[in-house]
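Working notes, structure below.
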Amino acid sequence: MAKKQKKPSNKKLFKNHSSMLCKNCNTTIMSYHRHDFNHCECGNIFIDGGTDYTRFGCTPGSAYESFLRDWEVDMDTGEKTLLDFLGE
């Protein structure tokens, strides 16, 4: 009996990538490429620019955290896996 072929992984590595965590809705957002504007689920924070530049902002009084990290992203599902913190 032949083994079933596994579907190839569609994961992509983003090294030293800017990302933000909205502390209101607990959503982590990233911008993957130039002009890739994204906002959190509640709309309080946004990020743009991918690896070309970083532009981010928030509504007044929003609680957020911004950081550079290495991420692996499943491009099919959007699931993000934190690989490590820079400098560790």
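The values are calculated or read from the model by the stated rules, or taken from the named source; none is laboratory data. Predicted, not measured: the structure shown is a model, and the values here were computed from it. Virtual Cβ from ideal backbone geometry, glycine too; neighbours counted across all protein chains shown.
The residues of region 23-45 that are free of Cβ contacts under 8 Å to residues at least 24 places away in the same chain and among the aromatic types (F, W, Y) amount to a single one, F37.
Within region 42-56, the residues that satisfy the criterion of being buried (at least 18 other Cβ atoms within 10 Å of the Cβ) and touching a Gly at 6+ places or on another chain (Cβ under 8 Å) are I45, F46. Selection over region 21-41 of residues that are surrounded by 15 or more Cβ atoms within 10 Å (Cβ to Cβ) and either among the small types (G, A, S) or in contact with an Asp or Glu (Cβ under 7 Å, 6 or more places away or on another chain) (or both) gives a count of 3.
Select from region 21-38 the residues that are part of a strand (DSSP E or B) and either among the small types (G, A, S) or out of contact with any Ser or Thr (no Cβ under 9 Å at 6 or more places or on another chain) (or both) and list them in ascending order. Of everything in region 21-38, just one residue is part of a strand (DSSP E or B) and either among the small types (G, A, S) or out of contact with any Ser or Thr (no Cβ under 9 Å at 6 or more places or on another chain) (or both), namely T27. Within region 47-68, the residues that satisfy the criterion of being in contact (Cβ under 8 Å) with a residue 24 or more places away in the chain and either in contact with a Leu (Cβ under 6 Å, 6 or more places away or on another chain) or of a type in the set (F, W, Y) (or both) are F56, Y64, E65, F67, L68. Scanning region 64-82 turns up at least one residue that is surrounded by 16 or more Cβ atoms within 10 Å (Cβ to Cβ), modelled with pLDDT of 85 or more and in contact with a strand residue (DSSP E or B) (Cβ under 8 Å, 6 or more places away or on another chain). Of the set (1) exposed (fewer than 13 other Cβ atoms within 10 Å of the Cβ); (2) modelled with pLDDT under 85; (3) hydroxyl-bearing (S, T, Y), all apply to T59 but (2). Within region 4-22, residues that are modelled with pLDDT of 75 or more reach partners that are of a type in the set (D, E, K, R) and not in a strand (DSSP E or B) with beta carbons closer than 8 Å, at six or more positions or on different chains, in the pairs N10/D76; C22/E41.
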